[in-house]
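*Asks:* Would you mind keeping the following structure in view while I ask a few things?
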Amino acid sequence: MLMPDEYPGGSLPSGLVAVNPSGALVVNISSSNVTGAGPFNIEADTEAVPPLKAGDFVVNAVDGKTYRLISTTKSGEKMTLKASEIDQSSPYELMFMKFKGTVEEIMAKFSPDSETRAKALTLNLFSYYYDDYIINDASFKLRLRNNTSIDLILDGNAEVGWFWAGGWVEIKLQLTGNFSLEAQMLAKKTWGTEKMLANPSQLFWLGPIPFQVSMPVYIGVEATVQALGEFKTGFNIVAGAGARFGAQIGWPTKAFFTPIAYCDIVSTPFEASFEGSVTVTPYLSIRPTLSVAWILHAGVDVRAYIEGVVAGKVTFKPGLMTGNVSLDLNVGLKGNGFVALGVDWLGLYQKWDMGTLFHWKHNLYHWGWDASMEHPASLSTPQNFNANVNPDGSVGLSWSPVNLAAGYYVYKKVAGNLVDRYFTKELSYLDKLKLTNGFAYTYTVSAVNGVVESPQSLSQVETITPLAAPGGFALTSNPSGSIGLSWSPVNGALQYKITRTATGGVPAKTIFTSATSIIDTALTTNVLYSYYVQSMNYAGEGTPTATKTTNAPLCAAPEGLMINSLSTRIVGLKWNSSVGATCYLLVRENTNTHVKKYFFTTGTTFDDETIEYDSYYIYKVCAKNYIGYGNYSTQLPLKTASANDPQVILTSPSMNEVFLCYSTYGWTGQITLAGKAVTGSFLPVDRVYYKVDSDAYQTAVACGATNFSITYYRNISEGNHTFYMYCVDFQNKTSLTNIIPFSMGKIKYLYSFGSSGSGNGQFDYPTAMDIDELGYLYILDGCSVQKINTNGNFTLRIGSEGTNNGQLGTKTGSYAEDLACNLGDGTLCVADSANYRVQAFNPSTGAYMRKFGEEGTPSSTNALAMSWLNSIASINTGGDYNKVYLLRIAAPIMQVKKFNTYGSFFGQWGAFGSGSGQFSYDSTIAYSDNYLYLSDPYNYRIQKLQITGAFVYSIGSSGTGNGQFNTPAKIDVDGTYIYVTDSGNNRIQVFDKNSGSYYWKFGSFGSGTSQFNYPQDIVVNGNFIYVLDSGNDRVQVFQKSF
């Protein structure tokens, strides 16, 4: 390793121009062999080239270009340098280039032509430089180099495309530094011995001055032992942090903020080398000398010598493994001139060497051994390069691997101009950037590593064709005041652009969507709107559709405005819905004062609770859609009650009350009418009259009575009905007729309990429920069971999360699946699916009792092996009073297994599939009267089976109609009916137990009363139905009449 001030021979070569990061020298080299793609073989005189290393930079004095050295080969007086031009070097070149130029110079050289880039400000906050010898003497040199700077950088970029313009500003704080430690050690020792063989001389006079010519002959031996060692290590670091703010207008429009954080450290591997040599030189020396008066001397030392050079050199460098051993035998003649001046008798003498006058040497014998393993001198060109335009406008590129390549450059050109260069380590690249329909793009690929870049592959030219116009483009003018647009999908489209123009000075609008339809609601009445659609991909917009025009209508006037209910202080109104309405405006006008009152509602009913006595009102209603209010309905007049008139004040029934139908008693309707009849005068009420729907009025109270209570029996059909009642006093004045709507049904909502949470009485998506003989509900909520009475009061929590006895589920999020109250032995059995077992608890105390089951695949020899338990059913009648059935779900093995609560095995059957008696995932099981009932959600059915597995019948198919299912969950069975939680349809369906025929349904999606959100289980106890409304984290309680 050479420092700039250590060039051998003293003076530096005239071509020295710079110093590389490695510390080696950079020289000017004269050559003309630099045509083609490279790498190049550059020849230079050996004496003009200092020691160089792979990775150093050299400058060609002929063309002024800079090259990076790959390897050197010495041949006589010539040295061949294999090098690559920097512009085509490896992806790591920029890091080295930073040591040869400023950041601005580097960016100016390497910035892509497709960008307008500005380095607005680089503020140096800190700079530190150190480069000096720590030790510098003849035998050991230690040098430390450190260059560190901290810069605040503001960088900018602006770009313009066909349909967009944008840019970004980047601010960051950057640390740049390099550190290296270099050392050199030289140990050298020379021994010599010499003996004169003869010294013939002759004295002669030239006038008064005596001259003496002598010719002494010496024989001698010189021996030199030399050891040279050196090492180098260090690193370069570039680290920074900041942020990039950017925006783009056009298509697409976006703004972004990107944090910046990077740290690149390039370490210089530890390099060390050691060289040792031993040289023994026997010689014969003749030294002609001319002396004048013994004062002035001049002569030539002519030394004919035989060099027996034993040069054993061994060099070790990590990563290169270079080594050589050689032996040379040379003969030669060398002459050194000198001039001396002195006075012998005074002891004065001074000699000046004139250097080597001539040197001739001839090699008689050479032996050497050389082994090296360096980085590859070149890479082959990537083969099988292919390019294809994808339907989405991107261009897919692929090629075969190149041996020893670290990565690949992909070049993209348009009309011969470089657009971009991408780097990838893969054998393919998907180009999605800066593409435009109709342009022809030329692609090539080259292989690179840390030293060289291969020649570029054969080019591939691809032209991107615009996408076709979407087919089936249609406009729909909706009653809601919106315009619907739809079209067929286009293969390769990433999104669609809808352009809208309008009459009446309405500005144009552009809408983007990835769907194949939209509803345009931002509209105005009495305006014509025109639309066309274009598909878009990475290359821009495709061909537009034909333009279509339509307008948006207002809603029609609501029809059927009528009084739905009426009392002395409340009037209920209803009307028929108008197609497309988003809400309704109800207007009430007092015909005496002409004061108007406005009410807004989204429904088709409204209760006006602001009416006053002795008033005359007119009601009308209109519908509103997206573009405004439509026409008003027909007006509805109303006269309110007088303060002194008779009145019927009802306490029962209430508005919209539900009554149960008891068809088993021979009649369907039972209504209790309660309240009082009063009059404003001193005379009592004479008569009270009532009726249902269009029946004739009946007398409810005898003369003089005020309070009344009537049980009304009648065959009233299921559905919605209206009750009418009024009274008459002794002056024959008639009260306002009370109008009370009600309904008759088989199911009546009573109450609900539970809420979301983790506390007692709260739930987090509960999954199973059962009831014991004392009327307590057991609800499986995650990894515990809550015991709650039927009024919703919390009693006990059983189990916790874990794998120990008495714990349920696991900490990975898997839980128990089902539970069953076994009335035979008074246990609560839980299918602890995640732990592959059934656990039995004491339902009174919650104490753990026993368990059975283990993880594994069931076999004829190990019935207790269970891979997943999905359901459990208890047998509470007959001789199998303390048995349970387990449903094991793990395809392809689907089994129903029979045990007692102690784990004794009594048989199994079942198979995976969709045939009769087969079942699929998430199936559940229920037992009743020696039959099993299976909910088979992924086959959309309920199956009734004998306890032997024999098929009886199945119910259902996929759908939303009566008797159809959408992932039915758990079921319950009483003496007559099957109750199914039709979870995906958010309802309960009831079927006849014997025939399987559809009987009844109730429920809909929502969080209100009688609404469900994916119910998971149901329990029937007498005339009461308990529904586990899992998605709403509650239990709803109903009463039934059947």
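What follows is calculated from the coordinates using simple rules that are stated; it is not laboratory data. Given the structure is predicted, the values throughout are model-derived calculations rather than measurements. Cβ coordinates were reconstructed from backbone atoms using ideal geometry, including for glycine residues, and neighbour counts include every protein chain displayed.
*Asks:* Once you order the gyration tensor axes a ≥ b ≥ c over the Cα atoms, which shape class does the range 155-268 get: rounded for a/c under 1.5, otherwise prolate or oblate by comparing a/b with b/c?
*Replies:* Values: a/c = 7.30, a/b = 3.70, b/c = 1.97.
Prolate, since a/c reaches 1.5 and a/b exceeds b/c.
*Asks:* Moving to a separate point now. Please list 1013-1025, 353-365 highest first by mean number of surrounding beta-carbon atoms within 10 Å per residue.
*Replies:* Numbers: 1013-1025: 18.6, 353-365: 10.2.
For the peptides 1013-1025, 353-365, the packing ranking is 1013-1025, 353-365.
*Asks:* Shape of the range 746-842 from its Cα gyration tensor (a ≥ b ≥ c, root eigenvalues): rounded if a/c is under 1.5, otherwise prolate when a/b > b/c, or oblate?
*Replies:* On the way: a/c = 2.03, a/b = 1.37, b/c = 1.48.
Taking the square roots of the gyration eigenvalues as a ≥ b ≥ c, the range 746-842 is oblate.
*Asks:* Can you list residues whose amide H is under 5 Å from A183's amide H, if they're 5+ apart or on another chain and H is modeled 1.01 Å from N?
*Replies:* Here the answer is R143, F231, since their amide H atoms fall under 5 Å of that of A183.
*Asks:* To continue, here is another question. Only residues of the range 474-500 count here: report those whose backbone N is under 14 Å from the spot 7 Å along Cα→Cβ of S517, or say none.
*Replies:* Counting backbone N atoms under 14 Å from the label point, the list is 474-479, 483-489.
*Asks:* For L638 and I209, calculate 0.36 nm times their separation in residues minus their Cα-Cα distance, and state this gained length in nm to one decimal.
*Replies:* Length difference between fully extended and current span is 138.2 nm.
*Asks:* Residues with amide H under 5 Å of A557's amide H, sequence separation 5 or more or different chain, H placed in the peptide plane at 1.01 Å from N; which?
*Replies:* Residues meeting the amide H criterion: N631.
*Asks:* Turning to a different aspect of this structure: Label point 7 Å out from Y629 along Cα-to-Cβ: which residues of the range 590-612 have amide N under 13 Å?
*Replies:* Of the residues in the range 590-612, 596-601 have backbone N under 13 Å from the label point off Y629.
*Asks:* Using the Karplus curve 6.51 cos²θ - 1.76 cosθ + 1.60 with θ = phi - 60°, what ³J(HN,Hα) values do you get for each residue of the range 1008-1020, in whole Hz, with x for Gly and Pro?
*Replies:* Whole-Hz 3J(HN,Hα) from phi for the range 1008-1020: x, 5, 6, 10, 10, 10, 6, x, 10, 8, 8, 10, 10.
*Asks:* Using 1/(1 + (r/R0)^6) with R0 = 35 angstrom and r between the beta carbons of Q946 and R850, what's the FRET efficiency to the nearest 0.05?
*Replies:* Numbers: r = 29 Å, r/R0 = 0.84.
Once rounded, the FRET efficiency stands at 0.75.
*Asks:* Can you give the extra length, in nm with one decimal, that the chain gains between L774 and T510 once fully stretched, where that is 0.36 nm per residue apart less the Cα-Cα distance? Walk me through the intermediate numbers first.
*Replies:* Working: separation 264, 0.36 × 264 = 95.04 nm, distance 6.73 nm.
Going from the current span to full extension adds 88.3 nm.
*Asks:* Now, a different point. Classify the range 474-550 as rounded, prolate or oblate, taking a ≥ b ≥ c as the square roots of the eigenvalues of its Cα gyration tensor: rounded when a/c is under 1.5, otherwise prolate if a/b is larger than b/c and oblate if not. Could the numbers behind the result be given before it?
*Replies:* Numbers: a/c = 2.34, a/b = 1.75, b/c = 1.34.
Prolate shape, in that a/c is at least 1.5 and a/b is the bigger ratio.
*Asks:* Could you tell me the center-to-center distance, by alpha carbons, between the range 380-396 and the range 168-217 in angstrom?
*Replies:* After rounding, the separation between the Cα centres reads 64 Å.
*Asks:* Residue separation times 0.36 nm, minus the C-alpha to C-alpha distance between Q1011 and N157: what's the value?
*Replies:* Values: separation 854, 0.36 × 854 = 307.44 nm, distance 5.76 nm.
Result for the pair: 301.7 nm of gain on full extension.
*Asks:* Once amide H atoms are built 1.01 Å from N in the peptide plane, which residues 5 or more positions from L494, or in another chain, come under 5 Å H to H?
*Replies:* Close amide H contacts, sequence-distant or interchain: M536, N537.
*Asks:* OK, next. Using the beta-carbon distance between S459 and V579 and R0 = 60 Å, what value does 1/(1 + (r/R0)^6) give for FRET efficiency, to the nearest 0.05? Walk me through the intermediate numbers first.
*Replies:* On the way: r = 62 Å, r/R0 = 1.03.
The pair S459/V579 has a calculated efficiency of 0.45.
*Asks:* Return the FRET efficiency for the residue pair I135, N330: r is the Cβ-Cβ distance, R0 is 35 Å, and the value is rounded to the nearest 0.05.
*Replies:* Efficiency for this residue pair is about 0.45.
*Asks:* Give me the one-decimal nm value for the distance between modelled label points at Q226 and K254, 7 Å along each residue's Cα-to-Cβ direction.
*Replies:* 6.5
*Asks:* Roughly what % of DSSP beta bridges within the range 722-801 run antiparallel, to the nearest 5?
*Replies:* Numbers: 19 of 21 bridges.
Around 90 percent of the beta bridges assigned by DSSP in the range 722-801 are antiparallel ones.
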